[in-house]
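One structure is given below, encoded as structure tokens.
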């Protein structure tokens with residue numbers, strides 16, 4: 001997913017491109033977090049996963065039972081598109097709300113009229 005976002009970045013101008021780059025970076029962190037939480041060497045697994053994806057093995061993912069990368073299709077791991085889409089939309093909306101709150105807090109307070 002991060003690769004797909006990165007491919008679109010050059011077609012977008014301004015702050016939206018920066019937000020898209022940050023979003024792609026966040027997506028790339030997900031396997032690292034999963035590997036860390038599983039107690040595995042995240043740096044090694046993620047570098048292997050990126051190499052597999054770069055060589056066209058886009059069905060590869062983390063096999064957390066064995067601490068290695070493997071073809072998720074062969075392992076029978078499937079994710080429902082609707083479920084994955086909803087998770088991404090919810091996470092994106094939550095991040096957007098946090099950013100909006102930051103903008104509101106940073107705004108200068110309104111001047112009050114003295115009575």
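The values are calculated or read from the model by the stated rules, or taken from the named source; none is laboratory data. Because the structure is a prediction, the values reported are computed rather than measured. Note: ideal-geometry Cβ built from the backbone for every residue, glycine included; neighbour counts use all protein chains shown.
Residue count for the stretch 1-26 under the criterion of being over 15 Å from the mean Cα position of the chain (by Cα) and closer than 19 Å to residue 93 by Cβ: the result is 2.
Which of the residues that make up the stretch 7-25 are within 30 Å of residue 66 (Cα to Cα) and loosely packed, with under 14 Cβ neighbours inside 10 Å? Across the stretch 7-25, the qualifying residue is only 25.
Does residue 65 meet the test of being out of contact with any strand residue (DSSP E or B) (no Cβ under 9 Å at 6 or more places or on another chain) and touching a residue at least 60 places away in the same chain (Cβ under 8 Å)? In short, no.
Quick grid of which residues meet (1) in the same structural domain as residue 6 (by TED's automatic domain parsing); (2) surrounded by fewer than 14 Cβ atoms within 10 Å (Cβ to Cβ); (3) closer than 21 Å to residue 88 by Cα:
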{"position": "28", "(1), (2), (3)": "yes, no, yes"}
{"position": "40", "(1), (2), (3)": "yes, no, no"}
{"position": "43", "(1), (2), (3)": "yes, yes, no"}
{"position": "58", "(1), (2), (3)": "yes, yes, yes"}
{"position": "66", "(1), (2), (3)": "yes, yes, no"}
{"position": "72", "(1), (2), (3)": "yes, no, yes"}
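Answer yes if at least one residue in the stretch 77-88 is surrounded by 12 or more Cβ atoms within 10 Å (Cβ to Cβ) and part of a helix (DSSP H, G or I), and no otherwise. Within the stretch 77-88 (the criterion being surrounded by 12 or more Cβ atoms within 10 Å (Cβ to Cβ) and part of a helix (DSSP H, G or I)), the answer is yes, since at least one residue qualifies. Residues of the stretch 27-55 that are outside any helix (DSSP H, G or I) and under 15 Å from residue 71 (Cβ atoms): 55 alone.
Residues in the stretch 1-25 that are in contact (Cβ under 8 Å) with a residue 24 or more places away in the chain and either under 26 Å from residue 100 (Cα atoms) or not in a helix (DSSP H, G or I) (or both): 1, 2, 23.
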